[in-house]
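Bear in mind these aren't lab numbers, they're just calculated from the coordinates by the rules spelled out. Just so you know, these numbers come straight off a predicted model, no measurement behind them. Here the Cβ positions follow ideal geometry from the backbone for every residue, glycine too, while neighbour counts run over all protein chains shown.
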């Protein structure tokens, strides 16, 4: 028996000395991953506590993805030792290395040598190795008739739809998925410099945050049909960049991009690649941005050393209209509707979604319970409604008032909560990211919400 096998046996004995059922390697992996998050969760500030400088805050904010990723790493390690087959990440379970320079800032303009390992042409392939689309598989007890249509492990919060296509990010790739067939038609290597940052669709271009650090934010644009790289924009920061960014790029209806770049939000013209103007923000570097559908209002979450707040800014004048700083954790994952801003606070399984009415930030209210939590709980705007998921229910809300319109329960697998969320529309249908850490199953699910949504 190898050392790794002996350790696994000891862990099995300690965790469940007399199991009522057969304990699998997946069970051990999930339990270990969950235990690894307890210490950071216990350090999170409680509501109403004083806002102090928080060392290690970046690790806490990003740990929303730790349980599933840690489970995958444990499975991989044990599988290598004991000869156990592990299939958790779909056809990207053995990704190629990300492009050189992923953590640096390549020059703006045409792609440089730092992008040489990035595919600039379409890669045709299916979610199945046999070249055929995955046979749609009903998910037992799933919300609104959920049916699995792809088996890729998509990063929660990154699913967006446009026309007949869906775009999402995995651990190493940007994918374009044909909504009608469920087939991944194109992919390009992507190092995900900002975890959970969704692709930003601006006309016929898909924008990604390629690197974040070294005094700048680098964006790369890709053709929406082929995912061939079409350009690169470097946005210098003013002051330090946020330590734990969550949603730092937003597209306005007029085509401009709003980029959280230190102590300001840079308004960028994609056509020229230049910064048109900057909107100075208060109380620390910007870590999340969102723009209303009429492009009149900008919402900015800040990650300061002392205070954390959400600010509302007039995009024409750059003046701050109002601010809200009553939360114990900085606002992240911002989206905006005609009714106001939506975002998250908290970490890991206690992450919460809240709504703040436009020009009335003092009336902010929580719209999800901490128990829903999970990586898939971030809000999205799709099909004329706001959506959030998690591990208890998938909910659609009125984008103007913030009131819940309908919801559907999310099941658990032998006591381990499944997760659904990141709703997006394409080809007239609704889709959601699905995660089942116990079964090692993940992918894209098609749902049929009721007319009330």
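Here are the numbers for this structure:
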quantity: Distance in nm between pseudo-label sites at residue 137 and residue 360 (7 Å out along the Cβ direction from Cα); calculated: 4.7
quantity: Value in Å of the Kirkwood radius, where the range 115-447 supplies the Cα pairs that are averaged; calculated: 19.8
quantity: Spherically averaged projected area in nm², based on the convex hull that wraps the Cα atoms of the range 122-249; calculated: 8.8
quantity: Whole-number Å³ per residue for the convex hull built on Cα positions in the range 206-300; calculated: 95
quantity: Shape call, the range 325-453: gyration tensor on alpha carbons, a/c limit 1.5; calculated: oblate
quantity: Whole-number percent relative contact order across the range 115-447, with pairs defined as alpha carbons under 8 Å at least 6 apart; calculated: 14
quantity: Along principal axes, Cα extents of the range 386-453, largest first, whole Å; calculated: 37, 26, 15
quantity: Separation between Cα centres of the range 133-208 and the range 350-420, rounded to whole Å; calculated: 20
quantity: Residues 410, 447, sorted so that the one with the fewest Cβ neighbours within 10 Å comes first; calculated: 447, 410
quantity: Debye log10 I(q)/I(0) for the range 193-258, one point scatterer per Cα, at q = 0.13, 0.22, 0.27, 0.28 Å⁻¹; calculated: -0.35, -0.96, -1.30, -1.35
